[in-house]
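Bear in mind these aren't lab numbers, they're just calculated from the coordinates by the rules spelled out. Note that this is a predicted model, so its numbers are computed, not measured. Note that each Cβ is placed from the backbone with ideal geometry, even for glycine, and that neighbours are counted across all protein chains shown.
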Amino acid sequence: MPQNVPSFTELLDSTLRSAVHLEMRDAYGVAEEADDFDSWRRTGERDTDPESPYWSEWTSLIRRTVARGVVVRRARIVSEPVSDYIRYEHAGTQVNIDAGEQVRWLPRRQASDIALPGNDFWLLDGRLIRWNHFTGDGASGGGEYSENPASAKLCAEAFEAVWARAIPHENYKIS
């Protein structure tokens, strides 16, 4: 990734209207959440304190983004029955919502006829994509930025199609 590309925080801080995030994996293995995930697996308890060291940087970023009038939406496509990782995500999602994100869940079986990009992404202001790449075991494979109009169109259409079918967090029950 070129060094002159802004960080994700800089990108979100410069977003003016919208930030949408599509997640399509059933498990992630990113290092930053490994301890929290392990703790949840052992105890069944999730850190839901928005001011905790785990959450505070993210909740601060989302709060200031939403305060500027930016709409932040996150959609997750999940296989059912859900994985332990998705249970873990679901258990902490109220923190995202309380910070100002809107979050919806779409069972994968309901996404079969939606044209989806090959990777998770953030789409900022409908034009700038931050692709999230992952290794086979779910570790971060690094990000990539693009302003390709055709890719941005694909991401926008895919996200809106998922969003239209997806279930708001408060109504998505994990069994």
**Study point:** Residues listed by number, region 21-53, amide nitrogen under 14 Å from ARG108 label point at 7 Å toward C-beta
**Key:** 23-28
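Where in the chain are the DSSP H helices whose alpha-carbon span along the long axis reaches 15 Å or more and whose Kyte-Doolittle mean is at least -0.5?
Correct list, ordered by number: 56-67, 149-165.
Name the GluC sites (Glu not before Pro) in region 122-175 that are in a loop by DSSP and that have at most 10 other C-beta atoms within 10 Å, would you? Mind showing how you got there, number by number?
Working: sites: GLU144, GLU147, GLU157, GLU160, GLU170; in loops: GLU147.
Within region 122-175, the qualifying GluC sites (Glu not before Pro) (loop, at most 10 other Cβ atoms within 10 Å) are GLU147.
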**Study point:** Cα centroid of region 45-79 to Cα centroid of region 116-174, whole Å
**Key:** 16 Å
Review point. Per-residue ellipticity at 222 nm for the chain, helices alone: DSSP H runs ≥ 4 residues times -39500 (n - 2.57), over residue total, nearest 500 deg cm²/dmol?
Key: -11000 deg cm²/dmol
Check your understanding: Among the DSSP beta bridges whose two residues both lie in region 8-171, what percent are antiparallel, rounded to the nearest 5?
Key -> 60 percent
Practice item. Using only the alpha-carbon atoms of the chain, report the extent along each of the three principal axes, biggest first, to the nearest angstrom. Key: 44, 38, 31
Check your understanding: Counting alpha carbon pairs within less than 8 Å and at least 6 residues apart, what relative contact order, in whole percent, applies to region 119-175?
Key -> 27 percent
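So for region 8-171, averaging the separation of alpha carbon pairs under 8 Å that are six or more residues apart and normalising by length, what relative contact order in percent results?
Averaging sequence separation for qualifying contacts and normalising by length gives 29 percent for region 8-171.
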